[in-house]
There are 2 protein chains.
Amino acid sequence: MNRSEISFIPIGVIHSPFKKKADIDPKKYADAKGFDSIQGEIEIYENYAAGLKDTEGFSHLVVLFAFHLSEGFSLITKPLLDETLRGVFSTRSPHRPNPIGLTVVEVVERQGHILLVRGVDMIDGTPVLDIKPYTPRDIKTDLRIGWLTGKIKDWPCRSSGTEG
Amino acid sequence: MNRSEISFIPIGVIHSPFKKKADIDPKKYADAKGFDSIQGEIEIYENYAAGLKDTEGFSHLVVLFAFHLSEGFSLITKPLLDETLRGVFSTRSPHRPNPIGLTVVEVVERQGHILLVRGVDMIDGTPVLDIKPYTPRDIKTDLRIGWLTGKIKDWPCRSSGTEG
């Protein structure tokens, strides 16, 4: 069993209209499409830019990034959308043992080593760790959403009235 | 601009029926539901286990893990499902600058610090970096899937015949 540290290096940086955490209206999190219109850029550093080839063929990309402003973590935490303490792995809190964030963005256009995207909920200056194509295997339906039930607005692909 | 290394530590380990890469039938990747029946366990180490509270309320969880068997990377690579060289960020290849993997699994049951899950495509012994709830914000529809077009079978939530 290997519990030694694993090191990663930023491959790029997010340019976002949110210059600090307080710029984000937390109500947006309650809407499945709350950030859909927020545009930003993913700048990939030149030494990794060749890997962006073909990304523009996909409508959506998964972005993994570092919650670089997050210090420390709590295993039990009160989510933005709830008043009850929850296990951190049932939340998207930035204060997690490994502060890795995940957002699925929509591709507007690629301009060389820069991707113009929509759906940005990251803070300006966020270090990018990875970009992956969002594929049909990432679509799940008939969701149960635990403590989020009733706290998040309409979303696509719901089956007939079992959840929410 | 901060390009220094960021270190993460495994919070757990995957127990999978796939003991080595050759145990995985690559044809499964061509089916959006190809791994849906594959059951495994996510063991979270005791010092992080308290964070699993409430995860069992969600039908699906996002698992981030280290591609621990992957050595080195190529910015341009031939995907399993294609004969053409593609940019690595348009693929889910394990040979990426930061070898982080992402799989959405279905929760069967939580037994203390162990999650029984379905949808496993990881190799046995894979180090787990993070677990997040899969939420409605992670569902995207009207996908365009670039070079994957025509190479992957039916998936849910397709709009009327624009893609694939």
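The values are calculated or read from the model by the stated rules, or taken from the named source; none is laboratory data. What you are looking at is a predicted structure, and each value in this text was computed from that prediction instead of being measured. FYI the Cβ positions are ideal-geometry reconstructions off the backbone, even for glycines, and counts take in every protein chain you see.
For the range A:6-42, the set of residues classified as crowded, with 20+ Cβ neighbours inside 10 Å, of a type in the set (Ser, Thr, Tyr) and within 21 Å of A:Leu115 (Cα to Cα) consists of A:Ser16 only. Residues in the range A:78-91 that are among the hydroxyl-bearing types (Ser, Thr, Tyr) and part of a loop (DSSP other than H, G, I, E, B) were compared, and the one that is farthest from the other protein chains (Cβ to nearest Cβ) is A:Thr84. Scanning the range A:50-77 for residues that are in a strand (DSSP E or B) and over 18 Å from the mean Cα position of the chain (by Cα), we see that the one that is farthest from the other protein chains (Cβ to nearest Cβ) is A:Thr77. Of all residues in the range B:92-127, those that are touching a residue at least 12 places away in the same chain (Cβ under 8 Å) and in a strand (DSSP E or B) total 17. Check off (1) without any contact (Cβ under 8 Å) to a residue 24 or more places away in the chain; (2) hydrophobic (A, V, I, L, M, F, W, C); (3) assigned to a loop (DSSP other than H, G, I, E, B) for A:Phe18 and give me the number that stays unchecked. Tallying (1) without any contact (Cβ under 8 Å) to a residue 24 or more places away in the chain; (2) hydrophobic (A, V, I, L, M, F, W, C); (3) assigned to a loop (DSSP other than H, G, I, E, B), A:Phe18 fails exactly one: (1).
Residue-by-condition table, conditions (1) modelled with pLDDT under 95; (2) farther than 23 Å from B:Leu69 by Cα; (3) polar (S, T, N, Q):
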{"position": "B:Thr84", "(1), (2), (3)": "no, yes, yes"}
{"position": "B:Val88", "(1), (2), (3)": "no, no, no"}
{"position": "B:Arg92", "(1), (2), (3)": "no, no, no"}
{"position": "B:Asn98", "(1), (2), (3)": "no, no, yes"}
{"position": "B:Asp121", "(1), (2), (3)": "no, no, no"}
{"position": "B:Tyr134", "(1), (2), (3)": "no, yes, no"}
{"position": "B:Ile145", "(1), (2), (3)": "no, yes, no"}
{"position": "B:Gly161", "(1), (2), (3)": "yes, yes, no"}
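For the condition surrounded by fewer than 18 Cβ atoms within 10 Å (Cβ to Cβ), closer than 25 Å to A:Lys33 by Cβ and either among the basic types (Lys, Arg) or under 18 Å from the mean Cα position of the chain (by Cα) (or both), B:Arg137 does not qualify.
Please go through the range A:92-115 and give me each residue that is at the interface with chain B (Cβ under 7 Å from one of its Cβ atoms) and either closer than 15 Å to B:Leu61 by Cα or touching a strand residue (DSSP E or B) at 6+ places or on another chain (Cβ under 7 Å) (or both), ordered by number. Hits for the range A:92-115 are A:Arg92, A:Arg96, A:Asn98, A:Ile100, A:Leu102, A:Val104.
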